[in-house]
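Notes for the one structure printed next.
The values are calculated or read from the model by the stated rules, or taken from the named source; none is laboratory data. Please read these numbers as outputs of a predicted model, since none were measured by experiment. Glycine gets a Cβ as well: all are built from the backbone with ideal geometry, and neighbour counts include every protein chain shown. Just so you know, the surface numbers come from the protein's heavy atoms only, side chains and all, with ligands and any DNA or RNA stripped out. Shrake-Rupley method; radii C 1.70, N 1.55, O 1.52, S 1.80 Å.
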Amino acid sequence: MQIETVIFDLGGVLIDWEPRRLFRKIFDDEEEMEYFLNNICTPDWNIQQDGGRSLAEATQILVDKFPKYTSQIEAFYGRWEEMLGGAILPTVEILEELIEAGTHRILALTNWSAETFPVALRDYDFLQWFEGILVSGDEKLIKPQPEIYDLMCKRYQINPATAVFIDDSLKNIKGCEAYGIHGIHFKSGEGLRRELQVLEIL
């Protein structure tokens, strides 16, 4: 079937987000910073906020458990904006081409905290280009749960067989493909452009 809908992930595909950008300012020791990010403010902890847990609750859980690192833990969301590195321009260019062509529906599906997403909406004008954006923190569902792909398709009346989803997480791509959406594992703007050309989307 012909592709009718292109769905973009945001973080890591269109927006550069890296906790080390902040924590290199906080830690003098790279090894201690890596210990902190791998054992305290971990990806598994952070994704619970993408699933709807409040930033205040998440912070308090870790402060209670690791009081020695109170100031660093509080900085994770207190200085969260310093983790943002700007737009990933090659992907934004592709997005703009698709919008200007007007041949496909363009939507976004992101694992993102409902409390921090307004910052992205304020800072990245291209987020206004999408027909719609489904934010995990608002829905209390996260990729790669099948329920979030199902919600996306039902809310926007998408036929999974005519949709493609672009994400930098292989786990999320496997999740969308299990649901019946064609997945593109994002690694670079150049690679994405090639894959979209093969699918005759660009």
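Could you list, in sequence order, the residues of segment 19-39 that are open to solvent by 60 Å² or more (accessible area, probe 1.4 Å) and not basic (K, R)?
Result: D28, D29, E30, E31, E32, Y35, N38, N39.
With the structure loaded, tell me whether E195 is touching a Leu at 6+ places or on another chain (Cβ under 8 Å), of a type in the set (D, E) and surrounded by fewer than 20 Cβ atoms within 10 Å (Cβ to Cβ) or whether it fails that test.
no
Test E82 against the criterion of being touching a residue at least 24 places away in the same chain (Cβ under 8 Å), of a type in the set (D, E, K, R) and out of contact with any strand residue (DSSP E or B) (no Cβ under 8 Å at 6 or more places or on another chain), and give yes or no.
Working: touching a residue at least 24 places away in the same chain (Cβ under 8 Å): yes; of a type in the set (D, E, K, R): yes; out of contact with any strand residue (DSSP E or B) (no Cβ under 8 Å at 6 or more places or on another chain): yes.
Taking the combined requirement at face value, the residue satisfies it.
When segment 59-95 is examined, which residues are found to be among the polar types (S, T, N, Q), crowded, with 19+ Cβ neighbours inside 10 Å and over 30 Å from R193 (Cα atoms)?
T59, Q72 - these are the residues of segment 59-95 that are among the polar types (S, T, N, Q), crowded, with 19+ Cβ neighbours inside 10 Å and over 30 Å from R193 (Cα atoms).
Criterion first (over 27 Å from E81 (Cβ atoms), open to solvent by less than 70 Å² (accessible area, probe 1.4 Å), out of contact with any Gly (no Cβ under 9 Å at 6 or more places or on another chain) and not acidic (D, E)) does G180 satisfy it?
So G180 fits the description; yes.
When the residues of segment 96-121 are filtered to those that are closer than 19 Å to I158 by Cα and in a helix (DSSP H, G or I), which remaining residue is least open to solvent (accessible area, probe 1.4 Å)?
L98
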